[in-house]
Amino acid sequence: MDAPGDTIERDPGLEADVRSVLAGALREAVPAIVAEAVEEVCREVAEYADPGCRDALELAAGCAIAAFADLVARPGPPPEELLALYRRAGAAEVQEGRAASALQNAANVATRVAVRHVSRVADALDAEVPPGLYGQVVSALFPFLNRLMVAVAQGRAEASRDPAGLLLRRRRQLLEALLARPAADDRRIADLARDARWPLPQRAAAVALPPGEVPARPRTLPPQILDGRHLAEPCLIVPDPRDPAHRRTLEPVLADRAAAVGPSVAPAALGRSLAWARQALGLALDGVLDRSLDGGPGGARPGEPPAGGPVIAADHASTLLVLRHRDLVEDSARRRLSPLLKVRPNRRTQYARTLQAMLECGFNASAAAVRLHVHPQTVRLRMRKLDEWFGDEIHDPSLHVELLMGLRLWQATTRPGGEPDWFQNGPAKAAHQPSQR
């Protein structure tokens with residue numbers, strides 16, 4: 001039996017056709033009401049600011065407002081299907097780790113928007129809406145909302161009693177604490193790890209995954225891996241992958257999928273590990289990482305998963321550092337590499353790669369030739385030209401780090417079949433004019 005005030009009360013003195021007209025106008029306004037309500041909820045309720053929350057909010061608001069419009073025409077309690085939807089929403093809130101007040105605040109915001117629209121719809125109708133009916137409709141919104149919030153509370157209670165749901169919530173709380181910046185303190189992390197049944201490792205790493213790549217029914221992960229695939233920017237937290245046992249656990253999880261593994265760090269520093277992993281993944285998907293010294297990508301094409309398994313951020317530390325401080329390195333590279341302007345544009349990258357290989361191989365032409373997949377005599381001929389153009393500068397050990405940073409940037413930003421866009425866009429262009437070698 002419904003509690004008093006739970007339904008839109010019938011008024012024998014009001015014409016049923018006026019109710020029907022008002023209900024029809026409200027149904028037509030549902031898309032506009034939902035759009036405005038979701039926009040205001042995302043702006044005003046911090047827990048739903050993530051764009052990934054929009055679909056669920058649109059579903060919940062759309063079903064509720066459409067059901068309320070039906071009740072304007074045919075008063076009664078909220079339909080059971082709607083209450084079941086809100087019970088499931090309550091359970092999902094527990095799994096997402098949100099406080100009970102979050103959805104209540106969102107519902108209050110949505111109700112405020114709905115009241116505004118009811119008033120607009122009533123004013124715009126050609127048919128006269130008696131003040132009594134308008135007052136009943138607006139007043140009924142609040143007990144209607146209360147019934148939905150009771151269903152949410154029931155869903156939350158059921159989920160809280162579910163051991164699997166409770167464990168999932170605790171693991172997500174732990175994940176959030178581990179990735180926080182600034183980091184959570186060690187004692188809080190240890191307490192959360194104990195509650196989440198996650199053996200706290202001395203060192204761990206974050207794994208970045210591409211947004212939107214998680215299937216509708218994602219594969220189950222081993223318990224020692226924390227699952228962040230529900231996030232807008234999906235990720236995993238794994239025990240130190242340098243340990244062979246942990247690496248064997250991780251390899252099948254990441255097989256045949258785009259991923260980047262961040263540096264192994266203390267648990268409180270996992271936010272930094274994830275930042276490096278995300279940068280490495282973005283560069284790998286753009287085709288920047290895994291390029292071979294002899295030109296062209298050595299792994300994936302732009303937009304494709306890197307070949308040969310996940311990208312290990314630590315293996316590309318120099319490139320990541322150079323690109324993170326690109327403006328400074330670019331300015332230095334224009335000056336230090338300006339002698340390459342004496343080379344025809346279509347051969348500059350070839351000489352830049354040769355210079356990089358020679359610096360990294362200690363000017364051993366044979367070792368550099370192996371890297372470049374050319375004959376050692378080819379390397380020696382190129383080095384004679386480089387000596388001519390650069391002079392003693394390339395043999396000055398104090399400049400080798402600066403030259404290598406510039407060459408790393410060159411390699412990471414070179415256009416296919418050409419040179420970097422930035423190379424001639426600075427003081428180097430005025431300093432030298434290219435010859436036709």
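The values are calculated or read from the model by the stated rules, or taken from the named source; none is laboratory data. Everything numeric here is computed off the predicted structure, so don't read it as measured data. All Cβ positions, glycine included, derive from the backbone under ideal geometry; neighbour counts span all protein chains shown. The area values use the complete protein model at the heavy-atom level, side chains included, leaving out ligands, DNA and RNA. Shrake-Rupley method; radii C 1.70, N 1.55, O 1.52, S 1.80 Å.
Counting only C-alpha contacts under 8 Å and six or more residues apart, can you give the relative contact order of the chain as a whole percent?
Working: 628 pairs, mean separation 50.0, N = 437.
In percent, rounded to a whole number, it is 11.
Relative to the longest principal axis of the chain, what angle (0 to 90°, nearest 10) does the C-alpha long axis of helix 16-44 take?
30 degrees
For every other residue with a beta carbon closer than 9 angstrom to the beta carbon of GLY97, add +1 if it is Lys or Arg and -1 if Asp or Glu, then tell me the sum. Intermediate results must be reported in sequence, preceding the final value.
Numbers: positive: ARG98, ARG169, ARG170, ARG172; negative: GLU93, GLU96, GLU176.
Charge balance near GLY97 sits at +1.
Enter the angle in degrees (range 0 to 90, nearest 10) between the Cα long axis of helix 163-179 and the first principal axis of the Cα atoms of the chain, meaning the one along which they spread out most.
Tilt relative to the chain: about 40 degrees.
R0 = 22 Å: FRET efficiency of ARG161 with GLN224, Cβ-based, nearest 0.05?
My answer for the efficiency is 0.25.
How far is helix 376-390 tilted, in degrees, relative to the longest principal axis of the Cα atoms in the chain, given as a value from 0 to 90 rounded to the nearest 10?
90 degrees
Which order do the peptides 54-62, 103-111 come out in when sorted by mean C-beta neighbours inside 10 angstrom, highest first? Working shown, then result.
Details: 54-62: 17.2, 103-111: 20.7.
The most tightly packed comes first, giving 103-111, 54-62.
Over the range 41-149, what is the mean sequence separation of C-alpha contacts under 8 Å (at least six apart), divided by residue count, expressed as relative contact order in percent?
Values: 50 pairs, mean separation 34.5, N = 109.
That works out to 32 percent.
Can you classify the chain as rounded, prolate or oblate using the Cα gyration tensor, where a ≥ b ≥ c are the square roots of its eigenvalues, rounded means a/c under 1.5, and otherwise it's prolate if a/b beats b/c and oblate if not? Intermediate values should be presented prior to the final figure.
On the way: a/c = 3.91, a/b = 2.23, b/c = 1.75.
It comes out prolate by the Cα gyration axes.
Estimate the FRET efficiency between HIS325 and ALA190 by the formula 1/(1 + (r/R0)^6), using the beta-carbon distance for r and 35 Å for R0, to the nearest 0.05.
Working: r = 35 Å, r/R0 = 1.00.
Efficiency, rounded to the nearest 0.05: 0.50.
Under the 0.36 nm per residue contour assumption, what length would be gained going from the current alpha-carbon distance of GLU251 and GLU176 to full extension? Mind showing how you got there, number by number?
Numbers: separation 75, 0.36 × 75 = 27.00 nm, distance 2.41 nm.
That works out to 24.6 nm of additional length.
What is the calculated FRET efficiency for ASN364 to ALA314, with r their C-beta to C-beta distance and R₀ = 35 Å, to the nearest 0.05?
Working: r = 25 Å, r/R0 = 0.72.
Between ASN364 and ALA314 the formula returns 0.90.
Normalised by the number of residues in the range 318-426, what is the relative contact order in percent for Cα pairs under 8 Å and 6+ residues apart?
The normalised contact order for the range 318-426 reaches 41 percent.
So for the pair ALA66, ASN108, with labels modelled 7 Å out along Cα→Cβ, what separation do we get in nm?
Here the answer is 2.8 nm between the modelled labels.
Whole Å is fine, so just give me how far the alpha carbon centre of the range 320-389 lies from that of the range 227-265.
Their Cα centres are 35 Å away from one another.
May I ask you to give the solvent-accessible area per residue for the range 359-411, in square angstrom, as obtained with a 1.4 angstrom probe? All intermediate terms of the calculation are to be shown ahead of the outcome.
Numbers: 2730 Å² over 53 residues.
Averaged over the residues of the range 359-411, the accessible area is 52 Å².
Carbon and sulfur: what percent of the chain's accessible surface (1.4 Å probe)? Write down the numbers at each step before the final one.
Working: 11560 of 21900 Å².
Carbon with sulfur: 53 percent of the solvent-accessible area.
Roughly how many debye, to the nearest 20, is the charge dipole of the chain about its Cα centre, given +1 on each Lys and Arg Cβ, -1 on each Asp and Glu Cβ, and no other charges?
For this selection, approximately 2360 debye.
Put a dot 7 Å past each Cα toward the Cβ at LEU381 and ASP55; how far apart are the dots in nm?
5.8 nm
Run lengths n ≥ 4 of DSSP H only: what is the helix-derived mean residue ellipticity at 222 nm for the chain, with -39500 (n - 2.57) per run over all residues, to the nearest 500?
Values: 16 runs with 256 residues, N = 437.
Theoretical 222 nm ellipticity from helices: -19500 deg cm²/dmol.
Among ARG347, ARG98, ARG87, determine the one that fluctuates most according to a GNM of the chain built with springs between C-alpha atoms less than 10 Å apart.
ARG347
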